[in-house]
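These notes concern the structure reproduced below.
None of the figures in this text is laboratory data; all of them are computed from the coordinates on show. Just so we're clear, the structure is a prediction, and the values are computed from it rather than from any experiment. FYI the Cβ positions are ideal-geometry reconstructions off the backbone, even for glycines, and counts take in every protein chain you see.
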Amino acid sequence: MPHLRSIVLTVAVASVTGLGLVPTADAATVRYVALGDSYSSGVGAGSYIASSGDCDRSPNAYSALWAAAHSPTSYVSVACSGAKTTDVLNNQISALSSSTTLVSITIGGNDENFANIMQDCNLKGTTTCVNEINAAKADATANLPAKLAKVYNAIKAKAPSAHVVVLGYPEFYDLAKSCIGLSQASRTAIDSGIDLLDSLTKTAATAAGFTFGDVRSAFAGHEICDSGRWLHSVNILDIEESYHPTATGQKSGYLPVFSAKA
């Protein structure tokens, strides 16, 4: 018969596991660096850290939440709002070292002019929206894989022992629902652009030997037009947070996907 203490310990561990708070193996030795763009810095999640300036890093971002739950040896986020692949190479890679054991990153959307396209979709109508997305998809297909490969190779060079988790982007719209705003044609085009971006990212990450975390299914049922959405729609009072995850989107969408891959 198992010892009572063993039974209590097993139950306790199982309970914590159910909350998703059990540290990964040897979490105390993890040295974690978060790289990337606004989806990693936490734009839209609020409570921005003053010292992060225009990078708008939030303690509600998935990387900060993971670090708070797992207490790694070290954690730093250099993710920054508006970052492109060149910004990662020029301004963020230096945060890595040979002692880094865990890296996360979202990158690629800004290389395809994400913010301006979404602005035009809202201001200039369906034809402009669809045309710009199609042009971005063509550019991404032709050029983004090489840009991503350059970033991933740089990560491997600076942190050769690190486990690297590359996260994708959520689809913005639940196409089965209708709501005020963009036309169905624009919404369909936007989601198709995100799907292509995620597909290219997954292929490049896998080729680099990294782990890809697809967040689309996590956000399913919580997209714009859903009553319990985890994404900001257009916010004219804070335009930057538009189309970014809320604090709940970071906690309930990105964090579980990252935790499962870390």
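Brief remarks follow.
- Within the straight-line cut-off of under 19 Å between alpha carbons, the lysines reachable from K158 are K84, K147, K150, sequence neighbours fewer than 8 places apart in one chain being disregarded.
- Its relative contact order, with pairs defined as Cα atoms under 8 Å and 6+ residues apart, puts the chain at 21 percent.
- Helical content alone sets the calculated 222 nm signal of the chain at -13000 deg cm²/dmol, taking -39,500 (n - 2.57) per DSSP H segment of four or more residues and averaging over every residue.
- Reach of K261 by Cα under 20 Å, taken over lysines that are not fewer than 8 positions away in the same chain: K156, K202, K251
- √(5λ) per eigenvalue of the Cα gyration tensor, the chain, largest first, Å: 32, 23, 17
- Inter-part distance where region 33-60 and region 187-258 are each reduced to a Cα centre, Å: 16
- Label-point separation in nm, A154 to A68, each point 7 Å along Cα→Cβ: 3.0
- Candidate lysines for bridging to K124, where Cα separation is under 23 Å - those fewer than 8 sequence places away on the same chain excluded: K137, K177
- Of all DSSP beta bridges in the chain, antiparallel share, percent nearest 5: 5
- Gain upon complete extension [D195, S99; 0.36 nm per residue less C-alpha separation]: 31.1 nm
- Simple spin-label estimate for A28 and T127 in nanometres, 7 Å along Cα-Cβ: 6.6
- The modelled label-to-label distance between S161 and Q119, using points 7 Å beyond Cα along the C-beta direction, is 4.5 nm.
- Relative packing of 76-88, 231-243, which averages over residues the other C-beta atoms within 10 Å, highest first: 76-88, 231-243
- Selection from S161, A79, G46 lying farthest towards where the dipole of region 23-257 points positive, charges on Cβ: S161
- Debye, to nearest 20: dipole size of the chain, +1 on Lys, Arg Cβ, -1 on Asp, Glu Cβ: 800
- Derived scalar couplings ³J(HN,Hα) [region 103-114; Karplus, 6.51 cos²θ - 1.76 cosθ + 1.60; whole Hz; x for Gly, Pro]: 9, 10, 7, 10, 7, x, x, 6, 5, 9, 6, 3
- Ranking C129, P245, Y62 by how far each Cα lies toward the positive end of the dipole of region 23-257 (charges on Cβ) leaves Y62 at the top.
- Per-residue Cβ neighbour counts within 10 Å put L89, L123 in the sequence L123, L89, beginning with the fewest.
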